[in-house]
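> Shown below is the structure under consideration.
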Amino acid sequence: MKFGAVPVADAEGSVAVHSIRQSGLVLKKGTLIGKVEIAALKAAGITEIVVARIEPGDVSEDEAAAEIAAAVAGEGVHVERAFTGRANLFAETAGVLVVDKDAIDRLNQVDESITFATLPAYKPVVAGEMIATVKIIPFAVAGKARDAALAVANAARPLVRIAPYRIRKIGVVSTLLPGLAAKVIEKTLKVTEERLAPAGAGIVAERRVAHEQGALAAAIEEVLGEGAELVIVFGASAIADRRDVIPAAVAAIGGRIEHFGMPVDPGNLLLIASARDRPVIGAPGCARSPKENGFDWVLMRLLAGLDVPRAAITGMGVGGLLMEIVTRPQPRAEPPAASRRRIAGVVLAAGRSTRMGGPNKLLAEIARRPLVRIVVEEALASRANPVIVVVGHERAEVEKALAGLPVQLVHNPDFAQGLGASLRAGIAAVPADADGAIVCLGDMPQVDAGLIDRLIAAFDPDRGALIVMPTVEGRRGNPVLWSRRFFPELMAIEGDVGARHFIVRYGEAVVEVPLEGKAALVDVDTPEALVGVKAAIEGAFSK
């Protein structure tokens, strides 16, 4: 790939390396430069431009990213469409992320232009969570480098996969000693249920017995007999030795002690054992707390049907000091998703364009398409489903501009009252089974499907990410994704105001997604803005 500054007249067929904004011209980074762009650059007084030119034998960034992502992905992994040289990988189901670290290291050593990043190995993930990303650094990569990366991936395939949760039925036995309050056990059971919920597991059998070997052995036998696929023992006293009450009780029923102790703090005094071919965990005292500890690291792997051998335990020391790490979410307010969350798209296209001082801006033609159609087509190309379009002012003309598109049209007869009325109409039309809605403004045609999908990927109610919005150099923009739990308040908005005050009120629920470029900030409110947006989009669509 050739890279460098060239005279504008010689730039045809190359790709703009940097965004350009000058004299009303807006040329986005990555734009393929054709005759239209050259004319616009000359008109803006620009004589030289930095470009990248793909040479024979090169592979475009999106093509390379897509091919490598497909090669590394295994069971339970979905690869999104590559965009700007990046292909993101998502979990198709809840489970534990399994990675081949050695193979990933080899892939990243192939060429500096090819990178592959993942979440930490064995991290529990939910359906729809982004787990990895392939990023091609330049605009194109040498075909030989692409081929070498594919060879590494195919030789070790898969490099990433999701081990889905398999164990659902959990037995819990608590031992008792004088001074151990009943409320401690009740709290322990509640915390345990919350731990199990993301895996779709629950407690099916529970016993409370004296902290004695015989009583505990009998209780473990009983919960196994009631169908428990895994048993957790919470001791009234911590395990001090392999010959202590809990390991001795497991041995008494013919069980096997796999390992006692782990280099994770909190969690040092954990016991891994088995009985009747089912896992038994002697829980450390920290497992009574919702804070992350070594118990979580072992429990979630076992729930996913993964072995946790001695070598795995002894290899947990690096990164095993968790004293100040608190990542466990609060008790789940929403049920675990069985699949990727459903997010509806709501496009507000009912306004009167009063600030434009002329014709309806939504009907202005850009690249031979009405502005509003560009906005809606990008929403349809994203993961948003369904796409709802709120119409009002010049309803017939706007609907004609959207002819043939698979959208749900909603009429807002109160469009003259302002944005609040359109927002109410759009939210009211969102299907009952949608987890949230991403609200797009009908006059922001530079917001593309990739941007919308990045916001959807960041939506995670289980971790408190309930409102998702883009930022550009610290400035918040649009569109904004809202969890269903805010719908009643959105439906109560009055007048020509949006929902920004809720973002301030619920700041702890807001997740910001930093973006390059200005797409999330650029709306068409003036004739001058329309000229700039028109130049940018028509430039991007030119061949």
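No value in this document is a laboratory result; all are computed from the given coordinates. All values derive from a computational prediction rather than experimental measurement. FYI the Cβ positions are ideal-geometry reconstructions off the backbone, even for glycines, and counts take in every protein chain you see.
> Using 0.36 nm times the number of residues separating GLU489 and LYS187, minus their current alpha carbon distance, what extension gain do you get? Numbers along the way, then the final one.
Details: separation 302, 0.36 × 302 = 108.72 nm, distance 3.35 nm.
Between GLU489 and LYS187, full extension yields 105.4 nm more.
> Fewest first, what order do THR192, THR47, THR118 take by the number of other Cβ atoms within 10 Å?
THR47, THR118, THR192
> Fewest Cβ neighbours within 10 Å first, please rank SER23, SER60, SER174 accordingly. Spell out each step's value before the answer.
On the way: SER23 11, SER60 17, SER174 25.
Fewest-to-most Cβ neighbours within 10 Å comes out as SER23, SER60, SER174.
> How much length would be gained if the chain were fully extended between VAL531 and ASP105, taking 0.36 nm per residue of separation minus their Cα-Cα distance, in nm to one decimal?
This chain segment gains 148.6 nm when fully extended.
> Let me ask something else. Taking amide H atoms as placed 1.01 Å from N in the peptide plane, list the residues 5 or more away in sequence, or in a different chain, whose amide H sits under 5 Å from that of ARG208.
The answer is SER174.
> Turning to a different aspect of this structure: In the chain, if the dipole is taken from +1 on Lys/Arg beta carbons and -1 on Asp/Glu beta carbons about the Cα centre, which of PRO527, ALA425, PRO178 is farthest to the positive end?
Among PRO527, ALA425, PRO178, the one farthest towards the positive end of the dipole of the chain is PRO178.
> Might you report the magnitude of the Cβ-based charge dipole of the chain about its Cα centre, with Lys and Arg at +1 and Asp and Glu at -1, to the nearest 20 debye? Intermediate values should be presented prior to the final figure.
Details: 61 positive and 64 negative charges, 84 e Å.
For this selection, approximately 400 debye.
> Counting only pairs 8 or more places apart or on different chains, how many lysine pairs in the range 30-176 have C-alpha atoms closer than 27 Å?
Number of lysine pairs found: 6.
> Pop the C-beta distance of ASP277 and ARG476 into the FRET formula with R0 = 60 Å and round what comes out to the nearest 0.05.
0.65
> Among THR84, THR188, rank each residue by its count of other Cβ atoms within 10 Å, from fewest to most, as a rough exposure measure.
THR84, THR188
> Read through the labelled values (1) 30; (2) 8; (3) 37 and report the label of the one computed as percent of Cα pairs over 45 Å apart from the structure.
It is the one labelled (1).
> Given contacts defined as C-alpha pairs under 8 Å and at least six residues apart, what's the relative contact order of the chain, whole-number percent? Don't skip to the answer; put the middle values down first.
Details: 1183 pairs, mean separation 65.3, N = 543.
With pairs under 8 Å counted, the relative contact order is 12 percent.
> Once the Cβ-Cβ distance between ASP414 and ALA43 is put in as r, and R0 is 41 Å, what FRET efficiency do you end up with, to the nearest 0.05?
My answer for the efficiency is 0.40.
> Shifting gears a bit: Report the charge-dipole magnitude of the range 2-53 in Debye, nearest 20, computed about the Cα centre from +1 at each Lys and Arg Cβ and -1 at each Asp and Glu Cβ. Each step should come with its number before you reach the end.
Working: 7 positive and 4 negative charges, 31 e Å.
For this selection, approximately 160 debye.
> A further question on this structure: Return a whole-number percent for the relative contact order of the range 2-53, with Cα pairs under 8 Å and 6 or more residues apart as the contact set.
Result for the range 2-53 is 53 percent.
> Compute the FRET efficiency between SER289 and GLU55 as 1/(1 + (r/R0)^6), taking r as their Cβ-Cβ distance and R0 = 41 Å, and round to the nearest 0.05.
With R0 = 41 Å, the Cβ-Cβ based efficiency is 0.10.
> Moving on. Over what distance in Å are the Cα centres of the range 462-486 and the range 403-454 separated?
One Cα centre to the other: 15 Å.
> What dipole magnitude, in Debye to the nearest 20, does the range 211-263 give about its Cα centre under +1 on Lys/Arg Cβ and -1 on Asp/Glu Cβ?
On the way: 3 positive and 8 negative charges, 47 e Å.
Here the size comes out at about 220 debye.
> What residue among PRO158, VAL376, VAL389 has its Cα farthest toward the positive end of the dipole of the chain, where the charges are +1 on Lys, Arg and -1 on Asp, Glu, each on the Cβ?
My answer, from the dipole projection, is VAL389.
> Where the centre of each part is set by its Cα atoms, how far does the range 200-234 sit from the range 103-159, in angstrom?
43 Å
> To the nearest 500 deg cm²/dmol, what mean residue ellipticity at 222 nm is calculated for the chain from DSSP H runs of n ≥ 4 alone, each contributing -39,500 (n - 2.57), summed and divided by the residues?
The helix-only estimate for the chain comes to -8500 deg cm²/dmol at 222 nm.
> Here's something else I'd like to know. Quick check: pseudo-label points 7 Å beyond the Cα along Cα→Cβ at GLU75 and ARG21, how many nm apart are they?
Between GLU75 and ARG21, the label points sit 4.9 nm apart.
> Another question about this same structure. Measure off 7 Å from each Cα along the Cα-to-Cβ vector at VAL318 and LYS123, then give the distance between these two points in nanometres to one decimal.
Simple spin-label model gives 1.8 nm for this pair.
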